[in-house]
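The next block holds one structure in the form of structure tokens; read it before the comments.
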Amino acid sequence: MPLASKLTKSVLVMVWGLTKTKNFVILNHCLMQDSRSNKVRKQGRVLESLPSLKFRVLLDDGQEIIAYLAGKLRIFRIKVLQGDRVTVEMSPYDKERGRIVYRGK
């Protein structure tokens, strides 16, 4: 079987999900990596604490967004206060909202 037909077969398996072969798992994992890597990380300062663990954050570029606390920060009960430096992860599709993933000093 030529290489081109093997590649086409593995892509079809990945798209349709017909069987769980090694090709499917590897290609699916690569696609998941690509979809996660399009997040944008920016630095900012917390301006205000809002209800339900949301915060108003002023980014270094002057933009003001609303950000929620990431799951690991909630689990380990990391306190975020007004004036703290934070790293915010944002989607390229919505520049008004983000997720606080790191609390600086």
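Remarks
- From phi via Karplus (6.51, -1.76, 1.60), per-residue ³J(HN,Hα) for region 38-54 in Hz, x at Gly/Pro: 8, 6, 10, 9, 9, 9, x, 10, 6, 8, 8, 9, 10, x, 6, 6, 10
- Going from the fewest other Cβ atoms within 10 Å to the most, the residues K105, K72, K95 appear in the order K105, K72, K95.
- Mean separation of Cα contacts under 8 Å (6+ apart) over length of region 40-103, as relative contact order %: 37 percent
- Net charge dipole size for region 40-103 [Lys, Arg +1 and Asp, Glu -1 on Cβ; Debye, nearest 20]: 360 debye
- Spin-label model distance (nm) - L81 vs R97, 7 Å beyond Cα toward Cβ: 2.9 nm
- Scattering from region 40-103 was approximated by placing one identical point on each alpha carbon and applying the Debye formula without solvent; log10 I(q)/I(0) at 0.23 1/Å stands at -0.88.
Read-outs: derived from the displayed coordinates by stated rules, not from any lab. Predicted model, so just to flag it, every value in this text is computed and none were measured. Positions of Cβ are generated from backbone atoms using ideal geometry, with glycine treated the same way; all protein chains shown enter the neighbour counts.
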